[in-house]
Amino acid sequence: MRTIRIHVESPLAEGARLSLPAQAAEHVARVLRLQSGDPLTLFNGDGNDYSAVIEQCTKRDVAVQVGAAQPAGNESPLRLTLAQAVARGDKMDLIVQKATELGVARIVPLLTERSEVKLDAARAEKRLAHWRAVVASACEQSGRAYVPEVTAAQPLSAWLDQLPDDGALRLALLPGAAVAARALQFGPAGGLLVIGPEGGLGERDVQALTTRGFVGLGLGPRILRTETAGLAALAALQALHGDS
């Protein structure tokens, strides 16, 4: 039987009663057509799944009673941050969704030298809210109970300026790079992975990354599209150093 998982942005505790957020309530009532007495699983990003039972279900309101917490226990031991140059159209949604499914811990949308996407303040705020919703939905589907952080889109230079010196391995996916994924050694802080836009990282980008200690990561002889590159790298790193 399929487990219905719903993300809520509120504290959860056994015995608590709460109403689901409007969008989630509509999905439960109108799309899934669940009824009073049906079970659900709730999570809020604290690493636990909470059993729940629907107490009341109308088209506009779904009230549930929260049951016991159970640690999800399916997070990767490899903490990876995907620093992805913002891609055009639906490509960014795909990247954010699949990166979440692949276990990424953090997503940083970047504006780089060759970025074609331009975001003013209002549009950037809307895109951030949208990407965070995509992440929450991907967690619902994939069974994750920790919700990856998504930061506001920012210039590559600004992100580099505030990076902590925490020991995370610094990687940039570059065509022709000689360092192979299997040769990497990750410490407790995990790694940072930079992916360029449709036109690739520019010379100034590469210089800035090299200055800050990033090394080029290679994935083979073929040039990958931006929506393929990061996901392929994440899958390889998880298989070799994380979930394996």
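Before moving on, here are some points about what is shown:
- When region 34-50 is filtered for residues that are in contact with an Asp or Glu (Cβ under 9 Å, 6 or more places away or on another chain) and part of a strand (DSSP E or B), the ones remaining, listed by number, are 41, 42, 43, 50.
- Qualifying positions in region 14-68 - at pLDDT below 90 and among the hydroxyl-bearing types (Ser, Thr, Tyr): 58
- Residue match in region 80-92 (condition: out of contact with any Leu (no Cβ under 9 Å at 6 or more places or on another chain), within 17 Å of residue 134 (Cα to Cα), of a type outside the set (Ser, Thr, Tyr) and without any contact (Cβ under 8 Å) to a residue 12 or more places away in the chain): yes
- Sole residue being touching a residue at least 60 places away in the same chain (Cβ under 8 Å), among the aliphatic types (A, V, I, L, M) and either over 16 Å from residue 88 (Cα atoms) or in the same structural domain as residue 89 (by TED's automatic domain parsing) (or both), chosen from 168, 129, 158, 138: 168
- If only residues of region 5-33 that are of a type outside the set (D, E, K, R) and in a helix (DSSP H, G or I) are counted, the one that is farthest from residue 137 (Cα to Cα) is 29.
- Selection status of residue 41, loosely packed, with under 13 Cβ neighbours inside 10 Å and not basic (Lys, Arg): no
- Filtering region 213-244 to residues that are in a loop (DSSP other than H, G, I, E, B) and buried (at least 16 other Cβ atoms within 10 Å of the Cβ) leaves 214, 219, 224.
- When the residues of region 11-32 are filtered to those that are among the small types (Gly, Ala, Ser) and within 19 Å of residue 145 (Cβ to Cβ), the one that is surrounded by the fewest Cβ atoms within 10 Å (Cβ to Cβ) is 13.
- Sole exception among (1) among the hydroxyl-bearing types (Ser, Thr, Tyr); (2) under 20 Å from residue 186 (Cβ atoms); (3) in contact with a helix residue (DSSP H, G or I) (Cβ under 7 Å, 6 or more places away or on another chain) for residue 146, by number: (3)
- Residue tally, condition assigned to a helix (DSSP H, G or I) and either surrounded by fewer than 23 Cβ atoms within 10 Å (Cβ to Cβ) or not assigned by TED's automatic domain parsing to the domain that holds residue 107 (or both), over region 193-208: 5
- Of all residues in region 105-129, exactly one satisfies the criterion of being part of a helix (DSSP H, G or I) and of a type in the set (Asp, Glu), namely 125.
- Residue list for region 121-144, filter: among the small types (Gly, Ala, Ser) and within 12 Å of the chain's Cα centre (by Cα): 133, 136, 137, 138, 142
Residues are listed down the side, and each one gets a yes or a no for (1) assigned to a helix (DSSP H, G or I); (2) of a type outside the set (Phe, Trp, Tyr); (3) in contact with a Ser or Thr (Cβ under 7 Å, 6 or more places away or on another chain):
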{"residue": "82", "(1), (2), (3)": "no, yes, no"}
{"residue": "93", "(1), (2), (3)": "yes, yes, no"}
{"residue": "103", "(1), (2), (3)": "no, yes, yes"}
{"residue": "131", "(1), (2), (3)": "yes, no, no"}
{"residue": "137", "(1), (2), (3)": "yes, yes, no"}
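The values are calculated or read from the model by the stated rules, or taken from the named source; none is laboratory data. Note that the coordinates shown come from a computational prediction; the quantities given were computed from them, not determined experimentally. Glycine also receives a Cβ, built like all others from the backbone with ideal geometry; neighbour counts cover every protein chain displayed.
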